[in-house]
1. Cα to Cα, under 26 Å, and not fewer than 8 places away if on the same chain: which lysines meet these conditions relative to Lys50?
2. Once neighbouring chains are kept in place and the probe is 1.4 Å, which whole percent of the accessible area of segment 61-110 is contributed by carbon and sulfur?
3. Roughly how many Å² of Glu92 are accessible to a 1.4 Å probe, to the nearest 10?
4. In the full protein assembly as shown, how much of Tyr101 is accessible to a 1.4 Å probe, in Å² to the nearest 10?
5. Please work out how much accessible surface Thr48 shows to a 1.4 Å probe, ignoring ligands, DNA and RNA, in Å² rounded to 10.
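The values are calculated or read from the model by the stated rules, or taken from the named source; none is laboratory data. Owing to the predicted nature of the structure, the values given are computational and were not obtained by experimental measurement. These area figures cover heavy atoms from the full protein model, side chains too; ligands, DNA and RNA do not enter into them. Shrake-Rupley method; radii C 1.70, N 1.55, O 1.52, S 1.80 Å.
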Amino acid sequence: KLPAMKMLLLLVALLSAALLASAAPPTCYSRMLSLSKEITESFKELQTSKTVDSCVETLPRLYLDIHNYCVLAKLRDFVAYPGCDRVLEVNELKEKARSLYTILISYCRR
């Protein structure tokens, strides 16, 4: 009986640990990472889309690596770029970039 009870307790402990790990709230780092990937993917889609304005081709290149300090300059350049203000997708992308910039400079300081 004792080995069976130990196995049952071990199984319950493992299952509850797995559930707690998946239900954990996102950390600042995970939020930055997911947002940077989302922005990079949206930018790629915007660049390959045939339905957007031709001004999209003039936008600064946007590949974000949050582990590189230069990402702040890239985000500033992208958000401040004057072209394409009339394109809704670009404005939405700039808002996401502003959010990531804010998270990087204020919320996730070490």
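1. Output for Lys50: Lys37, Lys74, Lys94, Lys96.
2. Ligands and nucleic acids excluded, carbon and sulfur give 52 percent.
3. Rounded to the nearest 10, the figure is 100 Å².
4. Approximately 60 Å² of Tyr101 is accessible to the 1.4 Å probe.
5. The accessible area comes out at roughly 100 Å².
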